[in-house]
Amino acid sequence: ADPQLQQRFDTTIAGNQRIEPRDWMPDGYRRTLIRQIAQHAHSEIIGMQPEGEWISRAPSLRRKAILFAKVQDEAGHGLYLYSAAETLGADRADLTERLIEGRQKYSSIFNYPTANYADVGVIGWFVDGAAICNQVPLCRSSYGPYARAMVRVCKEESFHQRQGYELLMTMMRGTDAQRAMVQDAVDRWWWPSLMMFGPPDGDSPNSARSMAWKIKRHSNDELRQRFVDMTVPQAERLGVTLPDPELCWNEQRGRHDFGTPDWSELQRVISGDGPLNTERVARRRAAHEDGAWVREAATAHAAKQAARARQ
Ligand code: 3HC
């Protein structure tokens, strides 16, 4: 590459400035951004399924309206992120093909089943809480469109986390059976939520370059630690226990020590062998195929309008 262009890119990154779509950028920077943004978008879209299944079974109109709004937000986050990927030259249809053919990833967390309505609360509390820990630093990512998309997403994510925690608070003030449902959901979702942050830093092939390019601002382990430190007091206030016997406050570190997630489980789920990977991808494929006629009609209509405009 032209040394001057490389120099300008390096100065922009070093100065914590933003790289914009029309700026020159190393091919590797473009490629890793398309990789991460596409998989982030896929996560939002697949993430609509676990909770979407409960919209028709919400216990009240208020809960139904809240859950409907949240799932709709996730769709919007996905579209935002596909648009950010398109500013790098990616093609949205191609990205969807890669997702449904299993050639691109989405977050492991969405391959776990939702057993009952307490899961909807715990997903809001843990999964959207983890997403906040992960996405707030991304608001300072070096690629402009991605960072700006994150600002909007984070505002909605805090509503998602708050509604989940409030749902659980309500259940904890209910019957013993409801309290048992909340604790059971906490037990099932805690470790998979820690795995959302990715493999440990020593086993994270993308981290070094992503951090050098200021795409990733903190390591997987640092963000996982922040999530644990944020969640422990919330669990105490809620009156549930987190299923980790090694979890305890470490005065020297000023942080919580905690156990080691089962990294072989994360690798299994990432490679497609989680509880519901097949169902989640099949559902996305079916939605894509069932919607083909809408895309064809919209394309035909747009062509007619363009032809009319030329007359
Ligand atoms: N699920 C699926 N794949 C994962 C994963 C997970 N939890 N954690 C890591 N991986 C994959 C990575 O994509 C990478 O594979 P690839 O090279 O084929 O893409 C491989 O495992 C090694 O991981 P690395 O740590 O080297 O990869 P990254 O540097 O990309 O770090 C990441 C992984 C922290 C997820 C990072 O990509 C990231 O911050 N992505 C943006 C945020 C995101 O995607 N969040 C998904 C959660 S869903 C969400 O936030 C929506 C909310 O509404 C709930």
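The values are calculated or read from the model by the stated rules, or taken from the named source; none is laboratory data. Keep in mind it's a predicted model, so treat the numbers as computed, not measured. Positions of Cβ are backbone-derived with ideal geometry, glycine not excepted, and every protein chain shown enters the neighbour counts. Note: areas computed on protein heavy atoms with side chains; ligands, DNA, RNA excluded. Shrake-Rupley method; radii C 1.70, N 1.55, O 1.52, S 1.80 Å.
The set of residues in region 251-275 that are open to solvent by less than 30 Å² (accessible area, probe 1.4 Å) and over 21 Å from the mean Cα position of the chain (by Cα) comprises H256, G259. Only one of the numbered conditions (1) open to solvent by 30 Å² or more (accessible area, probe 1.4 Å); (2) more than 30 Å from I37 (Cα to Cα); (3) touching a helix residue (DSSP H, G or I) at 6+ places or on another chain (Cβ under 8 Å) is violated by V182, and that is (1). When the residues of region 130-140 are filtered to those that are of a type outside the set (A, V, I, L, M, F, W, C) and within 9 Å of the ligand (Cβ to nearest atom), the one that is surrounded by the most Cβ atoms within 10 Å (Cβ to Cβ) is N134.
Quick one: is R209 open to solvent by 60 Å² or more (accessible area, probe 1.4 Å) and either within 16 Å of Q234 (Cβ to Cβ) or away from the ligand (no atom under 11 Å from the Cβ) (or both)? The answer is no for R209. Based on this model, can you work out whether A75 counts as within 11 Å of the ligand (Cβ to nearest atom), loosely packed, with under 15 Cβ neighbours inside 10 Å and touching a residue at least 12 places away in the same chain (Cβ under 8 Å)? Yes. Can you find a residue in region 104-112 that is among the basic types (K, R), open to solvent by 10 Å² or more (accessible area, probe 1.4 Å), near the ligand (Cβ under 9 Å from one of its atoms) and more than 16 Å from M48 (Cβ to Cβ)? Scanning region 104-112 turns up at least one residue that is among the basic types (K, R), open to solvent by 10 Å² or more (accessible area, probe 1.4 Å), near the ligand (Cβ under 9 Å from one of its atoms) and more than 16 Å from M48 (Cβ to Cβ).
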